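Trainee: Let me begin by handing over the structure; questions about it come next.
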Amino acid sequence: MTPRFDAVLFDLDGTLTESHPGIMHCACLALGEMGLPIPDEATLRRFIGPPLWYSYTEFCGLTPEQAEEAIVRYRKHYRDGGFLECSVYPGILPLLDDLRAAGVKLAVATAKSAGMAHAVCESFGILERVDFLSGNREDEKGMGKRGLIESACAGLGVPPGRAVMIGDTKYDREGAREAGTAFLGAAYGYGAPGELAGEGSLGEAASPDGLRSYLFL
């Protein structure tokens, strides 16, 4: 198999892992402890992808002070086991193995804090298969997706023009466009219909196995 790119960057939640059970559960626990309303399931699913600060303020209407407290509570529950309420999508680990065998450099570029992303990737056999992990500061107020992608490319030593970002939301698509990488949509993830199409998009894959036709000649 001949790879099309020198480097492949993966989002984590909704691209490598099916992580909504733990994220939604911890988001609800934090709000409940603060005596705040619990959003409906559709709103909670929007937590997958953006930084927690954005999700709590934009989707739940929390003030900055409330969001800070909610994030502290969320992280405690997530660290205490919420991150294990997760699974790797079928076909992902063999895909990573085949890309590595073909000489492709691999990275995870996620808005999740670097520490929690490391814990998830280590627990589910992803960390040992990638060359670099680009995550946010602990408060998740650091880099946007563009910065995370640029950091991953720099860490791999690969120009953005020779890399592709794979993700399931518009944040991944927009970040890839701004950073100068190609973009491939993971339509099996958590993005809304239609948000993965746009400038620089190679297409959309309905499953992890569907990514292969875009990554190999």
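Trainee: Could you tell me which numbered condition Gly49 fails, if it satisfies all but one of (1) outside the structural domain of Gly135 (by TED's automatic domain parsing); (2) more than 17 Å from Met116 (Cα to Cα); (3) touching a Lys or Arg at 6+ places or on another chain (Cβ under 9 Å)?
Mentor: Gly49 satisfies every listed condition except (2).
Trainee: Now for a separate question. Mind telling me which of the residues Gly210, Gly175, Gly161, Gly157 ends up being surrounded by 17 or more Cβ atoms within 10 Å (Cβ to Cβ) and of a type in the set (Gly, Ala, Ser)? Quick ask: steps written out before the conclusion?
Mentor: Details: Gly210 fails: surrounded by 17 or more Cβ atoms within 10 Å (Cβ to Cβ); Gly161 fails: surrounded by 17 or more Cβ atoms within 10 Å (Cβ to Cβ); Gly157 fails: surrounded by 17 or more Cβ atoms within 10 Å (Cβ to Cβ).
After applying the criteria, what remains is Gly175.
Trainee: Looking at Gly142, Gly115, which is the one that is modelled with pLDDT under 95, outside any loop (DSSP other than H, G, I, E, B) and of a type in the set (Gly, Ala, Ser)? Talk me through it step by step, then tell me what you get.
Mentor: Details: Gly142 fails: outside any loop (DSSP other than H, G, I, E, B).
Just a single option satisfies the conditions, and that option is Gly115.
Trainee: Another one. Just to be sure I understand the filter: pairs with C-beta atoms under 6 Å, separated by 6 or more residues or on different chains, first member in segment 55-84 and outside the structural domain of Cys121 (by TED's automatic domain parsing), second member outside any helix (DSSP H, G or I) and among the basic types (Lys, Arg). Which pairs pass?
Mentor: From segment 55-84, the pairs are Phe59/Arg46.
Trainee: Taking the condition of a type outside the set (D, E, K, R), in the same structural domain as Arg137 (by TED's automatic domain parsing) and within 17 Å of the chain's Cα centre (by Cα), does Ala107 pass? Step through it out loud before you land on a result.
Mentor: Details: of a type outside the set (D, E, K, R): yes; in the same structural domain as Arg137 (by TED's automatic domain parsing): yes; within 17 Å of the chain's Cα centre (by Cα): yes.
Against the criterion (of a type outside the set (D, E, K, R), in the same structural domain as Arg137 (by TED's automatic domain parsing) and within 17 Å of the chain's Cα centre (by Cα)), Ala107 qualifies.
Trainee: Still on this structure, please answer the following. Of all residues in segment 29-77, how many are among the aliphatic types (A, V, I, L, M), under 30 Å from Arg173 (Cα atoms) and in a loop (DSSP other than H, G, I, E, B)?
Mentor: So the answer is 3.
Trainee: Additional query: So Leu31 fits all but one of (1) surrounded by fewer than 16 Cβ atoms within 10 Å (Cβ to Cβ); (2) more than 23 Å from Gly167 (Cβ to Cβ); (3) touching a Pro at 6+ places or on another chain (Cβ under 8 Å); what number is the exception?
Mentor: Failed condition: (1).
Trainee: Any residue at all in segment 118-128 that is over 16 Å from the mean Cα position of the chain (by Cα), more than 27 Å from Ile71 (Cα to Cα) and assigned to a helix (DSSP H, G or I)?
Mentor: yes
The values are calculated or read from the model by the stated rules, or taken from the named source; none is laboratory data. For clarity, every value in this text was computed on a predicted model and none was experimentally measured. As a convention, Cβ positions derive from the backbone with ideal geometry for all residues, glycine included, and neighbour counts pool all protein chains shown.
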